[in-house]
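Every number in this text was worked out from the coordinates using simple rules, so none of it is lab data. These figures come from a predicted structure and were not determined experimentally. Cβ placement follows ideal geometry from the backbone for every residue including glycine, while neighbour counts extend to all protein chains displayed.
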Amino acid sequence: MAMTSSIPYLLRAINEWILDNNQTPYLVVDAEVEGTEVPLDYVNDGQIVLNISPTAVRGLEINNQNVYFSGRFSGQAYDIFVPIAAVMGIIAKENGEGMWFPREDSPDEPPPEDPDDEGPKGPPSLRIVK
């Protein structure tokens, strides 16, 4: 049985850790992932960095599917919506400490099989080594 992505769990934990250390959490987002809603004027090379500290945003929610909150950019309010698949990392502004996440395929799609893969066939076998 496939497990859900660990990214939202790690994202919540690292965000709390950064805040507990009196640092500013910045969320690094791939703005080109489908469903991502961020102010396009602030996207650079397909990415956007978002300050998600409690003083910068309202209503921050990090659930297992997405991150959303309200924030201001140059005084204009925006509702931000980021699918978990678009989250590239979370770092502390002050020192760069945090975590970068691997890019994941959609959990609904199994990884493609390589027909040339010469991996073991059949059930696994164990042997006692003394």
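Side notes on the structure shown:
- Geometric extent, Cα atoms of the stretch 7-100 - Rg, Dmax (angstrom): 12.1, 33
- From least to most packed, judged by other beta carbons within 10 angstrom and beginning with the fewest, TYR26, TYR42 follow the order TYR42, TYR26.
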